[in-house]
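The next block holds one structure in the form of structure tokens; read it before the comments.
The values are calculated or read from the model by the stated rules, or taken from the named source; none is laboratory data. Treat the numbers as computed from the prediction; the structure is a model and nothing was measured. Here the Cβ is made from the backbone with ideal geometry for all residues, glycine too, and neighbour counts use every protein chain on show.
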């Protein structure tokens, strides 16, 4: 998505990227980034929270209007209900290391089957 | 809450995904786009006169295929913003399915919220269409196929600015 935003900017179309994966967007480098520190999935506000969604879109519009140079990141003021998701997402530890290794082997086996038409 | 922490608070998805896939035996990590130079296009007129569009990574149809097994076919599309979509397909995308859900389209594609800003006069108008760009881990396909098509649709719809939300 950041690559598309960069292409639009290069052709004269102002953009705002709205997202939750701060490192991925900032590494790519975009003109304007509205960051919400939520689990991936709801970059424009919590489901059914109309006021929060309006605030986040309003901030994106403000950013369109007011940013004067590229790589402008603004973080919205919202917090998720708990921080448990931060450690839980894609976690690797001694409790799931063997299961992940097996899942990888299974996926490679199915990919090989697909390639050979099996 | 004010605290002192010996670590950064936001999740690094580059680090997290590299370690997760390494644990599955994928030892050559995905390489993420990195650019030193960043293009910047200033707004050319007051926001209250601008037509603003939306881009999402969600699909309007289920993806054809299974994640990680063979090619996953996702569609690049333009769809009417009015009536707004009640549901879009996100199951094949990379997001936190344990922590949240995507049953409310406006939580990732603010099509109703943007229409409300158009109605209130904060922006001139909302685009009659929104665009879907599939997450493609091929930088080349994104740059050669998806990005030029999105630009063409933006021009067809007379857009002055675009909000892009990635799940």
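Some points to look at:
- Apart from one condition, residue A:54 fits all of (1) surrounded by fewer than 23 Cβ atoms within 10 Å (Cβ to Cβ); (2) assigned to a strand (DSSP E or B); (3) within 8 Å of chain B (Cβ to nearest Cβ); the exception is (2).
- Comparison of A:77, A:70 shows that the only residue that is in the same structural domain as residue A:33 (by TED's automatic domain parsing), surrounded by 12 or more Cβ atoms within 10 Å (Cβ to Cβ) and assigned to a loop (DSSP other than H, G, I, E, B) is A:70.
- Meets criteria (more than 16 Å from residue B:53 (Cα to Cα) and surrounded by 15 or more Cβ atoms within 10 Å (Cβ to Cβ)) for residue B:95: yes
- Put simply, of A:60, A:5, A:31 the only residue that is within 7 Å of chain B (Cβ to nearest Cβ), in contact (Cβ under 8 Å) with a residue 24 or more places away in the chain, under 19 Å from residue B:107 (Cα atoms) and crowded, with 20+ Cβ neighbours inside 10 Å is A:60.
- Residue A:40 being in the same structural domain as residue A:77 (by TED's automatic domain parsing) and under 25 Å from residue A:87 (Cα atoms): yes
- Applying the criterion of being more than 8 Å from chain A (Cβ to nearest Cβ) and modelled with pLDDT under 95 to the residues of the stretch B:23-55, the residue that is nearest to residue A:16 (Cα to Cα) is B:31.
- Residues located in the stretch B:141-161, provided they are under 22 Å from residue B:114 (Cα atoms), touching a residue at least 40 places away in the same chain (Cβ under 8 Å) and within 7 Å of chain A (Cβ to nearest Cβ): B:150, B:154, B:159, B:161
- Residue match in the stretch A:105-116 (condition: farther than 22 Å from residue A:1 by Cβ, in a loop (DSSP other than H, G, I, E, B) and at pLDDT below 95): yes
- Criterion: crowded, with 18+ Cβ neighbours inside 10 Å, modelled with pLDDT of 95 or more and at positive phi - qualifying residue of A:12, A:41, A:19: A:41
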